[in-house]
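Enquirer: Dropping a structure here in structure tokens format, bear with me for questions.
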Amino acid sequence: MIGHYPTATEPLPTLSTLSTELWVKRDDQTGTLYGGNKVRKLERILERAESRSAKRIITIGAVGSHHVLATTLYAQKRSIPTVAILLPQPRTDHVASIVRAALGQGLEAHPARSMLEVPLLLARLRRPGDMFLPPGGTNIDGTRGYLDAAEELSDAVRQGLCPEPDAVVVALGSGGTAAGLLAGIVRAGLSTRVVGVRVVDPWMSGRLRTVGLAKAAGKAAGASLEASTLSGRLEIDGRWLGRGYGAPTCAGEEASRKAEAVGLTLDPTYTAKAFACALQLVEEGRFQRVLYWHTLSSALLAPLLESAPTEAELPPDIHALLLPRGRA
Ligand SMILES: *Cc1c(COP(=O)(O)O)cnc(C)c1O
């Protein structure tokens with residue numbers, strides 16, 4: 001295993017109300033080198049890479065992709081180099097740090113100006129012995145990491161470490177995290193609903209895709225789950241996306257301030273939007289117990305940035321992927 005499990009489940013009393021308790025699942029603490037949701041996804045992905053004797057991992061992500069950084073770090077520990085096609089994203093300080101860290105840790109990066117350029121670039125870069133990973137590490141192996149996480153939640157509920165949540169709130173990007181949780185929650189017999197907070201364009205994160213992924217990951221784990229049951233437990237909340245992937249929102253900034261006050265650091269792309277949704281659900285009082293699933297690494301980036309290029313030292317074609325604010 002590369003991560004540390006189980007992660008804690010903690011109450012957030014100061015952000016709860018008389019009608020709704022807010023809790024947090026600390027998946028920011030899945031790893032000491034680097035944490036967050038991508039660590040759970042990498043457990044089976046890296047096992048697969050080793051069993052296939054993959055020579056390299058080749059993947060795709062936005063320039064500030066946590067998936068690309070986590071893959072670079074943990075694959076390198078097994079002496080597997082990572083190659084990534086990177087796409088543009090609005091520049092924030094956090095995004096700039098992530099790409100600097102990834103390059104500093106040995107990522108081989110190739111820029112693409114849009115998704116349209118990806119297939120040709122991929123065909124040109126791919127070599128025999130490469131293992132391809134889709135964006136976000138969202139394949140069946142990656143998604144199964146979150147089936148396991150739901151099992152972990154179910155164990156914590158059984159042990160009385162936390163109450164059974166009525167809703168789990170999590171960012172919905174490439175969908176592996178939400179899909180795995182959905183499948184795992186249904187398999188474990190919990191009555192919890194999954195609220196996926198859309199942080200990417202709808203075509204990437206639709207209900208059909210998420211339910212299909214949940215069903216396929218369940219099947220790979222030996223569970224036969226009905227699509228209609230899965231779909232009935234999934235809510236997709238599209239209210240928090242703002243101007244698109246990676247574009248900061250006011251609600252997200254407000255949520256980040258409230259999170260900071262209880263010791264949680266959020267990022268503008270994923271967790272600020274998901275936490276804003278969780279706070280709204282507390283406000284609405286529809287659920288008695290809301291569990292916000294914290295997916296951003298809280299490991300210090302500073303050690304990874306020591307050997308990294310500064311922002312000004314980034315290769316110009318990579319630097320150009322950091323879009324000035326307001327353009328995306
Ligand atoms: C990748 C990521 C997500 C989204 O997970 P998906 O499985 O792609 O939906 C959420 N939060 C953070 C911090 C991430 O890096």
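The values are calculated or read from the model by the stated rules, or taken from the named source; none is laboratory data. Because the structure is a prediction, the values reported are computed rather than measured. Backbone-built Cβ (ideal geometry, glycine too); neighbour counts: all protein chains shown. Remember, those area values only see protein heavy atoms, side chains included, never the ligands or the DNA or RNA. Shrake-Rupley method; radii C 1.70, N 1.55, O 1.52, S 1.80 Å.
Enquirer: Give me the distance in nm between label points sitting 7 Å out from Cα along the Cα-to-Cβ direction at SER79 and ALA220, one decimal.
Expert: Distance between label points: 2.6 nm.
Enquirer: Arrange the peptides 194-202, 255-263, 229-237 so that the one whose residues have, on average, the most other Cβ atoms within 10 Å appears first.
Expert: 194-202, 229-237, 255-263
Enquirer: While we're on this one: Out of ALA123, GLY175, PRO111, whose Cα points farthest toward the positive end of the dipole of the chain (charges: +1 Lys, Arg; -1 Asp, Glu; placed on Cβ)?
Expert: Of ALA123, GLY175, PRO111, it is ALA123.
Enquirer: Let me see the P(r) profile for region 131-204: every Cα-Cα distance counted, bins of 10 Å, each bin given as a percent of all pairs.
Expert: 21, 48, 26, 6, 0
Enquirer: Sticking with this one: Taking every DSSP beta bridge that has both residues in region 6-98, what percent is antiparallel when rounded to the nearest 5?
Expert: Values: 3 of 9 bridges.
Of the beta bridges lying entirely in region 6-98, close to 35 percent run antiparallel.
Enquirer: OK, next. Residue by residue through region 217-233, what is 3J(HN,Hα) from phi via Karplus (6.51 cos²θ - 1.76 cosθ + 1.60, θ = phi - 60°)? Round to whole Hz and write x for glycine and proline.
Expert: 5, x, 4, 4, 8, x, 10, 9, 10, 6, 4, 5, 5, 4, 4, x, 9
Enquirer: Then there is this: For GLY129, what charge total do you get from the other residues with a beta carbon under 11 Å from its beta carbon, if Lys and Arg give +1 and Asp and Glu give -1? Display every interim value, and only then the final one.
Expert: Details: positive: ARG52, LYS55, ARG56, ARG126, ARG127; negative: ASP130.
Net charge around GLY129: +4.
Enquirer: Now a separate question. Could you give me the percent of Cα pairs per 20 Å distance bin for the chain, shortest bin first, beginning at zero and ending with the bin that holds the maximum distance?
Expert: With a bin width of 20 Å, the distribution comes to 33, 60, 7.
Enquirer: While we're on this one: Once the other residues with Cβ under 13 Å from the Cβ of THR9 are scored (Lys, Arg +1; Asp, Glu -1), what is the net sum? Show your work: numbers first, answer last.
Expert: Values: positive: LYS25, ARG26, ARG158, ARG289; negative: GLU10, GLU21, ASP27, ASP28, GLU152, ASP155, GLU164.
Result for the local shell: -3.
Enquirer: While we're here: Taking amide H atoms as placed 1.01 Å from N in the peptide plane, list the residues 5 or more away in sequence, or in a different chain, whose amide H sits under 5 Å from that of PHE132.
Expert: ILE58
Enquirer: Turning to a different aspect of this structure: Considering only protein heavy atoms and a 1.4 Å probe, what is the carbon-and-sulfur percentage of the accessible area of the chain?
Expert: Whole-percent figure for carbon plus sulfur exposure: 53.
Enquirer: Here's something else I'd like to know. For the chain, what is the accessible area per residue in Å², given a 1.4 Å probe and the full set of protein chains? Mind dumping the intermediate values first?
Expert: Working: 13720 Å² over 328 residues.
Here the per-residue accessible area is 42 Å².
Enquirer: Further question on the same structure: In terms of modelled amide H atoms, which long-range or inter-chain residues lie less than 5 Å from the amide H of ARG193?
Expert: Residues meeting the criterion, in which the H sits 1.01 Å from N, are ALA167, VAL168.
Enquirer: Tabulate in residue order the Karplus-calculated ³J(HN,Hα) for region 87-92, using 6.51 cos²θ - 1.76 cosθ + 1.60 with θ = phi - 60°, rounded to whole Hz; enter x for Gly and Pro.
Expert: Per residue, the Karplus-derived 3J(HN,Hα) values read 10, x, 7, x, 6, 10 Hz.
Enquirer: Separate question: Under the 0.36 nm per residue contour assumption, what length would be gained going from the current alpha-carbon distance of GLU311 and ARG126 to full extension? Mind dumping the intermediate values first?
Expert: Working: separation 185, 0.36 × 185 = 66.60 nm, distance 2.80 nm.
This chain segment gains 63.8 nm when fully extended.
Enquirer: Same structure again: Let me check something: with ligands and nucleic acids excluded, how do ILE140, ILE318 order by accessible area (1.4 Å probe), largest to smallest? Before the final figure, lay out each step's value.
Expert: On the way: ILE140 60, ILE318 5 Å².
Ranking ILE140, ILE318 by accessible area, largest first, yields ILE140, ILE318.
Enquirer: Right, next: Mind jotting down the distance between the C-alpha centroids of region 161-203 and region 22-72, whole Å?
Expert: If you average the Cα positions of each part, the centres end up 18 Å apart.
Enquirer: Compute the acute angle (0 to 90°) between the alpha-carbon long axis of helix 271-284 and the principal axis of greatest extent of the alpha-carbon atoms of the chain; round to the nearest 10°.
Expert: 10
Enquirer: Give the total of Lys-Lys pairs in the chain with Cα-Cα distances below 20 Å; include a pair only if its members are 8 or more places apart or on different chains.
Expert: 12
Enquirer: Enumerate the amide H contacts of VAL24 below 5 Å, restricted to partners 5 or more residues apart or on another chain; note that Pro and chain-start residues carry no placed amide H.
Expert: Correct list: GLU10, LEU12, TYR292.
Enquirer: How do GLU151, GLU47 stack up against each other in accessible area, from largest to smallest, with a 1.4 angstrom probe?
Expert: Working: GLU151 60, GLU47 115 Å².
The most accessible residue leads, giving GLU47, GLU151.
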